[in-house]
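Have a look at the structure below before the remarks.
The values are calculated or read from the model by the stated rules, or taken from the named source; none is laboratory data. Just so it is clear, the model here is predicted, and its values are computed rather than measured. Here Cβ is always computed from backbone atoms with ideal geometry, including for glycine, and neighbour counts include all displayed protein chains.
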Amino acid sequence: MDVAELRLKAWRGLVDFLTPSQCLICHQPAGEAQGLCAACWAGLTHLDEPACNILGTPFTYEQGPTAVSVAALANPPAWDRARAAVAFDDRSRPLVHALKYRDTPQAGHLMARMMCRAGRRLVAEADLILPVPLFRWRLWRRRFNQSAVLAQEIARISGTPWNPMLLVRQRATRSQVGLNVSERRRNVRGAFVLSVDGVGQVKDKTVLLIDDVRTTGATLEACADVLRTAGARQVDVLTFALVLEPARLHN
Ligand SMILES: [Zn+2]
């Protein structure tokens, strides 16, 4: 980090200190320490129970905690259960971008708290929390992995062990943007491995995979496959946002 960047960071820290309640989405005064103003909070599509126990997609009425959607039965994913805090749309996108492209710790805190609430059963039952890894040059270029930031924060809140080094992205994958479901699957196939000491650490464990956005789920499925092969007892998935209609997406 050079001097200019250090100065910028210090200035941002000062601005944050002076205006602690600025909304992370619209940048207007938030009024509370929540991180979002009331209008932006209400504008998010919060995904809570009742939901499909496998896909985390919302049900319109209560069907019991283990109810499963037709889509999950028709196309069972590689994981056991998935949940997300909000739908990925125009209103939640600024929050995802705030975490991904700017050094905004408040976004990570807020998003992790929302994820802990939406995925409370998954978090409570997890033995180990793992973030979806970035390939190392991308990590270097962006300086941090947004999934690891969320995983670390969720681990801190829940007191569950986490490890950002167990899952490794062994080759660069092209961006999933613009690819359809089967292209996305092909793009990430074989991209992930467990580190040398990783196998012993996931065997017979309930593992919770963390990412910022779930689109088709291809990346998370590739990670879940690796964990299953290594003997994980259960693999759950918790993301901040979920694309409810991936077939129509061009993010
Ligand atoms: Zn706002």
Handout entry: T60 vs. criteria under 28 Å from D236 (Cβ atoms), out of contact with any Gly (no Cβ under 7 Å at 6 or more places or on another chain) and more than 16 Å from the ligand (Cβ to nearest atom)
Key = yes
Problem - Those strands (runs of 3 or more DSSP E) lying entirely in the stretch 149-215 with at least 3 residues hydrophobic (A, V, I, L, M, F, W, C) - result: 192-194, 206-214
Practice task
Take the residues in the stretch 23-51 that are assigned to a strand (DSSP E or B) and within 16 Å of the ligand (Cβ to nearest atom), then tell me which one is surrounded by the most Cβ atoms within 10 Å (Cβ to Cβ).
Solution key: H46
Problem - Enumeration of residues in the stretch 74-110 that are of a type in the set (A, V, I, L, M) and within 13 Å of the chain's Cα centre (by Cα) - result: A82, A84, A85, V86, A87, L95, V96, L99, A107, L110
Exercise for the section: Filter the stretch 55-75 for residues that are assigned to a loop (DSSP other than H, G, I, E, B) and either over 16 Å from M115 (Cα atoms) or not assigned by TED's automatic domain parsing to the domain that holds R91 (or both) and give the result. Expected result: F59, T60, Y61, E62, Q63, G64, P65, T66, A67, V68, S69, N75
Exercise for the section: Inspect all residues belonging to the stretch 76-84 and state whether any of them is in the same structural domain as A232 (by TED's automatic domain parsing), exposed (fewer than 15 other Cβ atoms within 10 Å of the Cβ) and aromatic (F, W, Y). Expected result: no
Exercise for the section: Could you tell me which numbered condition I54 fails, if it satisfies all but one of (1) away from the ligand (no atom under 16 Å from the Cβ); (2) of a type in the set (V, I, T); (3) at pLDDT below 90? Expected result: (3)
